[in-house]
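Inspection log for the structure reproduced underneath, given as structure tokens.
Every number in this text was worked out from the coordinates using simple rules, so none of it is lab data. Computed from a predicted structure; not experimentally measured. Cβ placement follows ideal geometry from the backbone for every residue including glycine, while neighbour counts extend to all protein chains displayed.
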Amino acid sequence: MKALLHSLNTASFGMGRFCCCVFLTLSAASACAESVVFDPELVRILSSLDVQRDEPRAYSEYRMTTRLREPLKITGDIVFSSQGELIKRVIEPFQETITIGNNLVRVQRVNKMREFSMAKDQGLYDFFRSLRAMLEGDIDTLDELFVVAIERDGDNWTLICKPKNKYLRRYVLEMNVSGTADEITEIFIDQGRKRWQRLSFSVVEAQRP
Amino acid sequence: MRRNGLETLAVTDARPRNLRLWLLLWLLCAGLSALTVITRFNSTVDLAYFLPAAETPQESVLVDRLGQGAGSQLWFIVLPEGFSTQPFDASNEFRFQLENSGLFRSVYNGRQTLSVEQLPDVIFANRYLLDDIDLSQTGVNAAISSRMPDLTFAPDPALEDIIAADPYLSSLEVLSKISADQSSDTMTWVTPGGRVYLVAEARAPAYEIGAQQKIAALISSIANDQFGAVAQTYGVGAYGVELQRTIQSEAQFRSLLAILAIILVLLAVYRSVHVVLLSALPLAMGALAALAAVTLLFDQIHGITLAFGFTLFGVAIDFPLHVFSHGRSGRAALAHIWPTLRLGAGSTVLAYLAVAASGSEGLAQLGVFSAVGVSVALLVSMTLLPALLGDVTSVSDESAISAEPVRLRHHVWLLILLLGGSVLFRGADHLWSDDLSALTPLPAETIERDRALRAEFGAPDIRYLLLLQSQDLDSLLKETLRVTELLRLHPELVGSVQSVSDLLPPAVLQEQRAAMAAVFKPEFAIQAAREFGLVDDAFEAFSTNVMGLQRRPLLVPESYAGTVFEQSIASGLYEREGVWSSVLIPGQIADVAVFSEQLADYAPEAVLIDLKQASVSLVQQYRARILMMLAIAFVLICGVLLAALRPGRRLFWVTGGLLATVAGTLAVNLLLFDAISLFNLMAVVLVGGLGLDYLLFLSRVALPSDNSIADSRHAILASVLSTAAGFAVLASSAVPILSGLGFTVLTGVLIAFGVARLGSLN
């Protein structure tokens with residue numbers, strides 16, 4: 001019975017969705033790029049990406065939902081740790097740290113911490129797989145997850161990613177990952193029903209509080 | 001006409017005149033019995049049937065949980081690595097098919113389609129009766145403020161809908177409290193290697209074996225047909241099916257082999273197919289009547305009753321053998337054996353009736369089954385068999401030997417009694433197995449796998465429970481809430497507390513919560529939405545729900561009928577004989593002694609139940625009661641023997657031999673199995689019955705004019721050989737319960753024969 005009651009504990013599912021979204025944002029570029037492993041140009045983009053370990057990158061993000069009057073601005077930083085963890089911190093307008101690694105997701109808010117398995121959500125799980133695949137050069141796994149088209153304008157490029165997976169499609173209609181040369185500058189996720197999020201990386205490194 | 005020392009029966013066609021009458025009578029009995037069995041037969045595998053009536057609150061809770069506890073309807077399903085489909089797809093497809101089968105109340109595979117509709121209706125609709133919330137403007141503002149991270153980060157529109165209807169997330173808070181142990185949050189439902197886990201709650205109770213068989217078949221067919229995999233299943237229902245299938249098929253196979261062995265022995269002894277066929281008649285009639293009697297007296301027959309009933313009833317094989325062996329000396333000789341046969345059978349029936357009075361419904365069934373079976377088999381042997389056998393002609397050449405008087409030697413039984421007694425005395429400190437799990441016929445490795453899997457699924461073994469009782473439901477709910485809240489304030493004592501008060505607060509508290517709605521105005525939600533940059537109608541659903549709160553009926557136990565929480569309520573709150581009980585589950589107790597001490601201060605009326613200790617105490621009391629009843633039976637048997645045999649050498653020899661047989665059998669079992677279980681004890685009762693029969697017949701005073709002693713020896717040899725052959729087949733089984741049973745009876749029969757035969761010489 002207890003196991004079934006767990007199943008109804010949708011708080012953790014909700015968290016799973018949050019993390020899925022964060023993860024979408026963070027790993028979209030690499031995942032999309034890897035999925036076009038058979039396109040030499042995209043292989044070039046992917047291989048030139050500079051993935052820095054243990055270096056926080058500041059970001060600002062706008063999110064829109066059906067119940068917001070106008071897009072909400074969020075700021076914080078993101079770190080790829082050398083242990084393979086992905087850490088996204090929200091600094092404004094609230095504090096939150098989400099850590100993803102070893103198949104577990106940890107969400108830390110003020111006076112509250114929660115940990116759960118990524119396997120609760122297949123979308124989250126697939127994105128984690130795609131990240132791992134990118135870091136490890138697993139082209140097959142990335143190709144399994146996305147269909148990618150490329151738009152190019154000089155040094156600027158955009159990867160237009162459409163999930164193959166029906167579980168991802170439930171949350172993401174399309175992801176556009178833009179960059180210049182070896183750097184991702186923006187990730188835009190269209191979730192449909194007037195719901196979207198746009199994450200931009202700052203040129204200047206974020207200051208740790 | 002002697003062949004290898006065994007004689008052939010010469011059967012003539014002469015039939016007594018009353019054959020038709022007896023045939024008609026027994027056919028009528030058989031028909032009525034069969035009709036009763038066909039129309040009323042209903043079996044169960046609920047272990048609680050074999051537990052004694054609970055005498056203390058601890059035992060009462062233990063018996064309840066063993067029978068139909070909240071977890072008894074769970075099926076744990078594992079798809080091992082290596083099947084063809086993508087594991088997530090397989091998991092979802094499996095879940096979909098199980099959900100749509102109608103056999104399950106709910107199915108879980110670690111993923112959930114998030115939506116308001118997916119939340120249990122009873123929780124979502126009553127969330128504000130179950131949770132304390134502040135519905136003032138300040139409270140609404142605080143709730144919406146704390147939801148902003150969730151609302152803006154939610155990629156799933158459905159979660160946004162939940163927040164819009166429940167910005168306090170009260171429904172999730174309630175569910176979180178119910179699910180005190182969060183270990184399954186980190187459970188991997190699909191492993192990186194591709195192993196898939198699912199858990200499903202069956203609609204049917206675990207004892208409905210037919211429904212469980214349907215479930216097992218469905219799971220097996222989905223796994224096999226669609227994924228080319230063999231699903232592993234765990235849980236009470238799965239074990240019931242496994243017992244039914246594996247052990248029963250093993251029992252059937254072994255029983256067939258045993259029957260074959262017995263037939264071969266009887267053919268070798270009597271050299272007559274006619275006789276072998278006739279020997280089955282009393283057994284068949286006895287079994288049918290026994291089944292009918294149990295079916296009439298009890299609502300359900302337990303599987304163990306059937307298995308052990310037929311075993312105990314095996315003593316009846318002696319009756320036809322005595323008829324055939326003594327029948328060799330002519331019909332007149334049969335008349336002489338009836339008193340001894342009646343005495344042996346009557347004494348055995350006394351022992352079985354003692355088993356019937358041992359304090360549990362299962363044993364009552366077992367005793368009634370065996371007693372009725374033996375009685376009917378004896379009556380058929382006495383009335384119908386001689387008539388069907390016809391006249392027989394003696395062809396024995398042992399008359400010279402048997403005409404000599406029998407000498408009863410006491411030193412044989414004394415020696416066995418001494419040896420057996422000393423072994424039992426030396427092993428007195430570990431004589432009995434007090435492990436309740438030893439009652440289950442499941443292999444130890446299955447129990448271990450079950451334990452590991454439950455821990456993995458976040459349903460760990462529950463050892464401690466807290467019991468609160470009151471005559472009045474509302475008083476009990478108030479006290480349950482008080483104790484629950486108090487314990488939750490002390491995480492240093494207890495890590496978690498699962499309590500029915502989370503689902504069923506006292507009426508007065510529900511009324512207070514409903515009254516809070518009077519404070520609320522829809523403008524509060526609009527004002528808060530504006531403050532946080534949300535549209536005015538963002539929380540319209542919430543406002544509508546709160547406004548309707550005061551019109552909602554208060555929650556009562558029946559509110560959860562038909563929901564996923566029905567079992568939780570049933571096992572956490574129940575009424576028996578006018579007393580209401582609530583059972584709390586404390587988890588992760590840091591120090592039981594300290595917890596118990598503190599509990600005495602916090603809630604002196606609460607009873608802390610250690611299920612393990614309660615089970616040991618239950619088994620000890622159970623065994624003590626069975627032993628007492630058997631002792632009473634022994635005294636009664638001695639009384640009957642005294643009346644029938646009169647004080648003297650023979651009485652002394654028979655009772656001493658019986659004691660020696662029982663002590664010797666128990667001693668051999670102790671030496672081989674380290675401890676004697678209740679199952680061994682039941683087998684010893686059969687050995688006692690057979691031993692008494694051997695002792696009585698071999699101590700009969702020989703009639704100078706017939707082959708009585710030779711015939712008795714002949715019958716007993718046939719009985720020993722056939723019983724030993726039959727139970728040797730069971731002893732060779734890989735199923736522990738069958739091999740244990742077989743071995744106990746096999747050794748017991750050999751000891752009984754040794755004591756009787758070596759102790760009685762011409």
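Summary of computed values
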{"read-out": "Neighbour net charge for A:Met64 - beta-carbon separation under 14 angstrom, K R +1, D E -1", "value": "+4"}
{"read-out": "Rounded D (µm²/s) - the stretch B:454-555, Kirkwood Rh over Cα pairs, Stokes-Einstein at 20 °C, 1.002 mPa s", "value": "126 µm²/s"}
{"read-out": "Peptide A:59-69 - average C-beta neighbours from other chains (10 Å radius)", "value": "5"}
{"read-out": "C-alpha center-to-center spacing [the stretch B:232-296, the stretch B:618-669] in angstrom", "value": "28 Å"}
{"read-out": "Highest to lowest packing among B:748-758, A:81-91, scored as the average C-beta count within 10 Å", "value": "B:748-758, A:81-91"}
{"read-out": "Net charge over other residues, Cβ less than 9 angstrom from the Cβ of B:Val107 (K, R count +1; D, E count -1)", "value": "0"}
{"read-out": "Estimated inter-spin distance, B:Asp429 and B:Val273, nm [label 7 Å along Cα→Cβ]", "value": "6.1 nm"}
{"read-out": "Partners for A:Lys112 among lysines (Cα-Cα distance below 26 Å; same-chain residues under 8 apart left out)", "value": "A:Lys2, A:Lys73, A:Lys88, A:Lys120, B:Lys177"}
{"read-out": "Cα-projected label distance for B:Leu32 with A:Arg169, points at 7 Å along beta-carbon direction, nm", "value": "7.1 nm"}
{"read-out": "Qualifying trypsin sites (Lys or Arg not before Pro) in the stretch B:269-372, DSSP loop, other Cβ atoms within 10 Å at most 15", "value": "B:Arg271"}
{"read-out": "Inter-label distance for B:Leu671 and A:Gln95, nm, one decimal - labels placed 7 Å from Cα along Cα-to-Cβ", "value": "7.5 nm"}
{"read-out": "Most to least packed among B:318-326, B:209-217, B:584-592 [average Cβ atoms within 10 Å]", "value": "B:318-326, B:209-217, B:584-592"}
